[in-house]
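The values are calculated or read from the model by the stated rules, or taken from the named source; none is laboratory data. The model shown is predicted, which means the values in this text are computed figures rather than measured ones. A quick note on method: Cβ atoms are made from the backbone with ideal geometry, for glycine too, and the neighbour counts reach across all protein chains shown. Just so you know, the surface numbers come from the protein's heavy atoms only, side chains and all, with ligands and any DNA or RNA stripped out. Shrake-Rupley method; radii C 1.70, N 1.55, O 1.52, S 1.80 Å.
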Amino acid sequence: MRNVVDTTPEGNMVLNVGPQHPSTHGVLHLFITVNGETILNLDPNIGYIHRSIEKMCESLSYRQFIYSTSRMDYLSAHMNNHGCALTVEKGLQVEVPERAEVIRIIISELTRLASHQLWWGSLAMDLGALSPFFYAFREREMITDIMEETCGARLTMNYIVPGGVMADIHPDFQRKVKEFIVQFKSKIGEYHELVTDNVIFQNRTKGIGILSKEDAISYGCTGPTARGSGLSCDIRKIYPYSAYKNIQFKEILETEGDSFARYMVRMREMEESVHIIEQLIDNIPEGEFQAKTKAVLKLPKGEFYTRLETARGELGVYIVSEGGTTPYRIKFRSPGFSNLSALNHMVKGHKIGDLVSVMGTLDLVIPDIDR
Amino acid sequence: MENEPLLNSLQTGFPEATIAIGSDWPEMSIESTQLLEVIEKLKGSDNWDFNYLFCETCVDWKTHFTMVYHLSSTQFRHSMVLKAKVDREIPQIESVVKFYKTAEMLEREVYDLFGIQFLNHPDLRRLLLTEDWVGYPLRKDYHDPINMIKL
Amino acid sequence: MFSIENILNSFHEWLSSMLNQNMVMLLEMTLIAFFAITLFATLGLVLVYLERKVSAFIQIRKGPNRVGPFGIFQTTADTLKLIVKESFMPNSVDKFLYQLAPFIVMITAMLLLAPLPFARGVQIWNINIGVFYVTAVSSLSVIGILMAGWASNNKYSLLGAMRSGAQIVSYELSAGMAILSIIVLTGSLNLQDIIASQENGWWIFKGHIPAIVAFVIYIIAVTAETNRAPFDLAEAESELTGGFHTEYAGMRFALFFLAEYINIFIVCAIGATLFFGGWMPFHIGNWEAFNHVMDFIPSSIWFFGKTFFLIILIMWFRWTFPRLRVDQLLNLEWKYLLPISMLNLLVMTLIAIKGWHF
Amino acid sequence: MDVKVSEPSTPFPGTIHETPGGGILLSSLDDVINWARSNSLWPLVFGTSCCAIEMMSVASAKYDFSRFGFEVFRASPRQADVIIISGTIVNKMAPVLKRLFDQMPEPKYVIAMGACATSGGPFFYNTYSVVKGADHVIPVDVYLAGCPPRPEALLHALITLQEKIKSGLTREQIRSKMSEEYGK
């Protein structure tokens, strides 16, 4: 551990936020220099959950390594697996059956919904409103039940294999998803009533943590964080992958770049995800759910990179292959890492209370940052 | 720009560099000393406008390192891969922080895990590991008999 | 008629018949002290249990229900555990102040129980400046909090204490103004007189709109004064981990915890007394029959019913609203609440002078 | 697995006299205290990774561990009783975890939630930074399998911890009792 200083030479107090702190959503450690309540500088210290996944993956086969990535960004575990599978498929040049593509996307969007609901609940909790968390979990539990039936797990689904999905969907899948959509649509108004329209909430988020479009580009921000600043960066839209090519949906953009804009992006994205699921749920094509692949996968020599949109932003999976059964080098470009690098810029000059709201709207998942 | 025209325009822009289409995008290999001028040209040019660094990482090839920069343009939506060879004995390369602020953290990570020194980096410290960590774990010759249990 | 007042009076006469005056007084004081401590503990237990059940109700949960029937022994278990928990003192704290702080907070809360009229004729100390006493003593608790924050030698504690100081000192003003506007109507600081003046109707109904405004301001201000959400900046769990009591463990922490709830009880009791007539039953003008039916409900039930109504209102706030930021909190007080309450006091004075109230 | 219980090298000096017919007052007081402790386990807000989400699920309305009185999450270790290690512990985190554990006042309990906290789990092999089980850092009372465990499993772990506290037995006593019951 590095030497902890109490005060800077100028006499400002250095406050250690974390690694165990309720609003860091994990084990993020921030050194913040404060003058009274005003934040002068913020220095993130990460690595408290650095599990060396990249090194570990170098000794795992192409079938195995996919599942260790579920533990990276566990709230969008499915999308992580999807990214890895896409990269491996790109190398193997496997055609994924259409049915598998559609199932993958439905589960992806359900994961996104579950992730955003958890984010909504915990953001409200960070800002001091404790009840929305429980309302969010009410709907989220419906999703985890669906996941459990079809994928076999609630959180880290491990449902994707190179070439398709591991098993066919559960017979109840479509009915339950439709039930969820009905329930969710009846409750989204409640979400807005409870939190969005609250005057205190708006005061806490409007005009706070402003990130301009230029800065968003320079800091490499992605996902709802960047879209709140008006940067069009939804990979689903601009570089469509999987079955997203054939789906009608809007890319949500807000231009203010403050916490409230990021909040609204995520809220509207939830509705958009429901819209995507509605289009697909009755149109799951018949056929195989998995393409035939060899038992031992060998990627040809080369470098493969896949970009895809997780709940937090752009995930990049970069595989360098030497032609063996294990990757030579693997790199995960995690969305949270770049978003975190903009945090210092965003909170400078704000109060300690604002740090919580900005961090909440960045939706940081620390294992995703540390890998 | 699509990959083909981008490749052609890059070839005319950088005649001395080796450029080829990779699995997704054009890949350009340069020497580490050229990095700053190449990036300046790539970012500043109106044709290319590579203003978005979405991934920066390093690969250990046992004989040398390769710094890999994935660049893209938010305006034209085209992407490219820039590779710079770094010597293994004296692992030094210029930092690109002045072009892309995101590189600050990314380069700290690379420094942490590969031990590459970034010249003119504002604050080059260990990021993920503790300050007293010995060695650079993502190098291929990293050996840690205590923590690493080999399967 | 059977009432607590009669029981207490006959108990007093029985004691007087056996012992001399001084002994009676000594004995009664001991009993009262015992009563105050018991009330302090019981109220703490009941209110914490109530809070957990109210939060469970709001959050579509069940709440504690395993420890005893309906989980009523949950808070007993918690308190017992906190008593036997290691009493912990970090090395670098200011030992004297660190140990003193929870007691100051607790003693302040206990002192405030003195002038509360629990039922008709039941009052520990019928002091003629009751309201003044309450406002004066309640402002002492901030010293305890500041002391705790400073002595803990922890940055979070210090920030929490400083926030708390700024907050309590400013919100006392508008709470005081709101109380004053009722004092203007009654012309007395004695809580019994204030209750007596509400025999034919509570001030919140009799005092026109200014009384309602004063009540709203009072509730907001006391929520802030007792460090409750949405004004719980001193603790602000998601910002300052534990605020001023970050470094406190075991029973010392429990004292802070209980004192917070006792303070809520007290401010709600004062609010009920000032605006809802304390133990006075609900009377409507000259509806004799209705008023008599209301009189049959014991006065203590009226008092606790009104108080708990206000407590649940404050709990409802806590589980609904997000927290304010520290500068917004002070803006709310100095830019909105204080001017409004001053104006309100002016209007109330006019009403009182002109005798426009009922 | 072969469990080795370390025997004290030197016997306790002197002799222990049984209280004739006594121990009732103290042991029943002990029972009351153990009852209070077991029913009032306040967890520390501590989540490192995936399991923390399932820990949050346990708090949610569907599983609702407030029924048992566990819902008082304390952010400050000084006020917490039980630390639920929900997630991987890495080398950088280990001193912090130790420190948090040290900051908690006695009696304190530890639940290792999930495979990572129990043994390193999926990150056991070929990782350079993962602590292979949180019990290398702090003593663990209840181990909980799963990656991540279901919320019901966490509830069960908490109830198991309650039973352990209520029994008032030490780790060695429980082990010898279990070996008597199930055979060596």
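If the condition is being more than 10 Å from chain A (Cβ to nearest Cβ) and either in a loop (DSSP other than H, G, I, E, B) or aliphatic (A, V, I, L, M) (or both), then the range B:115-138 contributes B:GLY115, B:ILE116, B:LEU119, B:ASN120, B:HIS121, B:PRO122, B:LEU124, B:VAL134, B:GLY135, B:TYR136. Which of (1) farther than 19 Å from B:ILE149 by Cα; (2) at pLDDT below 85 does D:GLY120 not meet, given it meets every other one? Checking D:GLY120 against (1) farther than 19 Å from B:ILE149 by Cα; (2) at pLDDT below 85, the one that fails is (1). All conditions in (1) within 18 Å of the chain's Cα centre (by Cα); (2) under 20 Å from C:TRP334 (Cβ atoms); (3) modelled with pLDDT of 85 or more hold for C:MET162, with the sole exception of (1).
When each of C:SER141, C:SER174 is tested for being closer than 21 Å to C:ILE264 by Cβ and open to solvent by less than 10 Å² (accessible area, probe 1.4 Å), the lone residue that passes is C:SER174. B:ASP112 falls short on exactly one of the conditions (1) open to solvent by 10 Å² or more (accessible area, probe 1.4 Å); (2) of a type in the set (D, E, K, R); (3) facing chain A (nearest Cβ under 10 Å), and that condition is (1). Kindly indicate whether D:ALA75 is open to solvent by less than 10 Å² (accessible area, probe 1.4 Å) and either in contact (Cβ under 8 Å) with a residue 40 or more places away in the chain or out of contact with any Lys or Arg (no Cβ under 9 Å at 6 or more places or on another chain) (or both). Judged against the criteria, D:ALA75 is a match. The number of residues in the range A:123-141 that are of a type in the set (A, V, I, L, M, F, W, C) and over 21 Å from the mean Cα position of the chain (by Cα) comes to 2.
All told, D:VAL96 falls short of being within 30 Å of A:MET72 (Cβ to Cβ), more than 13 Å from chain A (Cβ to nearest Cβ) and at pLDDT 85 or above.
Of everything in the range A:115-149 that is acidic (Asp, Glu) and within 13 Å of chain C (Cβ to nearest Cβ), the residue that is nearest to D:ASP64 (Cα to Cα) is A:GLU141. Of everything in the range D:56-84 that is away from chain A (no Cβ under 11 Å) and of a type in the set (A, V, I, L, M), the residue that is farthest from A:SER122 (Cα to Cα) is D:VAL82.
Tell me which residues, restricted to the range D:108-123, are open to solvent by less than 20 Å² (accessible area, probe 1.4 Å) and within 9 Å of another protein chain (Cβ to nearest Cβ).
Matches in the range D:108-123: D:CYS116, D:GLY120, D:PHE123.
Checked against the criterion of being part of a helix (DSSP H, G or I) and touching a strand residue (DSSP E or B) at 6+ places or on another chain (Cβ under 8 Å), the range D:73-90 has at least one qualifying residue.
Just to be sure, is A:GLY209 of a type in the set (Gly, Ala, Ser) and touching a residue at least 60 places away in the same chain (Cβ under 8 Å)? In short, yes. Restricting the search to helices (runs of 4 or more DSSP H) fully inside the range C:233-311 and requiring at least 2 residues that are closer than 23 Å to A:ASP126 by Cα and out of contact with any strand residue (DSSP E or B) (no Cβ under 7 Å at 6 or more places or on another chain) gives C:237-240, C:250-276. Out of C:ILE270, C:ILE194, C:ILE264, one residue alone is crowded, with 23+ Cβ neighbours inside 10 Å, aliphatic (A, V, I, L, M) and in contact with a Lys or Arg (Cβ under 9 Å, 6 or more places away or on another chain). It is C:ILE264.
Residues in the range C:53-83 that are farther than 14 Å from D:VAL72 by Cβ and more than 8 Å from chain D (Cβ to nearest Cβ) were compared, and the one that is surrounded by the fewest Cβ atoms within 10 Å (Cβ to Cβ) is C:PRO69.
A single entry from C:GLY278, C:GLY242 fulfils the requirement of being within 14 Å of chain D (Cβ to nearest Cβ) and not hydroxyl-bearing (Ser, Thr, Tyr): C:GLY242. Output yes when any residue across the range A:15-29 is surrounded by fewer than 19 Cβ atoms within 10 Å (Cβ to Cβ) and out of contact with any strand residue (DSSP E or B) (no Cβ under 6 Å at 6 or more places or on another chain), and no when none is. The answer is yes; a qualifying residue exists. Check the range A:114-137 and report whether any residue there is among the hydrophobic types (A, V, I, L, M, F, W, C) and within 24 Å of A:ASP282 (Cα to Cα). Yes. For the range A:152-193, the set of residues classified as open to solvent by 40 Å² or more (accessible area, probe 1.4 Å) and polar (S, T, N, Q) consists of A:GLN174, A:GLN183, A:SER186, listed by residue number.
Across the range D:124-139, the number of residues qualifying as surrounded by fewer than 20 Cβ atoms within 10 Å (Cβ to Cβ) and either within 14 Å of chain C (Cβ to nearest Cβ) or not in a loop (DSSP other than H, G, I, E, B) (or both) comes to 2.
If you take just the helices (runs of 4 or more DSSP H) that sit entirely in the range C:1-113, which of them hold at least 3 residues that are among the β-branched types (Val, Ile, Thr) and out of contact with any Cys (no Cβ under 8 Å at 6 or more places or on another chain)?
C:21-58, C:74-84, C:95-111
A search for C-beta distances below 8 Å between a residue of the range C:271-295 that is more than 26 Å from C:VAL213 (Cα to Cα) and any residue that is among the hydroxyl-bearing types (Ser, Thr, Tyr) and open to solvent by less than 20 Å² (accessible area, probe 1.4 Å), counting only pairs 6+ apart in sequence or on different chains, returns nothing. Within 7 Å of chain D (Cβ to nearest Cβ), in contact (Cβ under 8 Å) with a residue 60 or more places away in the chain and on the phi < 0 side of the Ramachandran plot, is that true of C:GLU86? It is true that C:GLU86 is within 7 Å of chain D (Cβ to nearest Cβ), in contact (Cβ under 8 Å) with a residue 60 or more places away in the chain and on the phi < 0 side of the Ramachandran plot.
Please work out if B:ASP24 is under 15 Å from A:TYR318 (Cα atoms), crowded, with 17+ Cβ neighbours inside 10 Å, touching a Leu at 6+ places or on another chain (Cβ under 9 Å) and not hydroxyl-bearing (Ser, Thr, Tyr). Criteria not met by B:ASP24. Scanning the range C:289-327 for residues that are over 16 Å from the mean Cα position of the chain (by Cα) and crowded, with 18+ Cβ neighbours inside 10 Å gives C:SER299, C:TRP302, C:TRP319, C:PHE321, C:PRO322, C:ARG323, C:LEU324, C:ARG325, C:VAL326.
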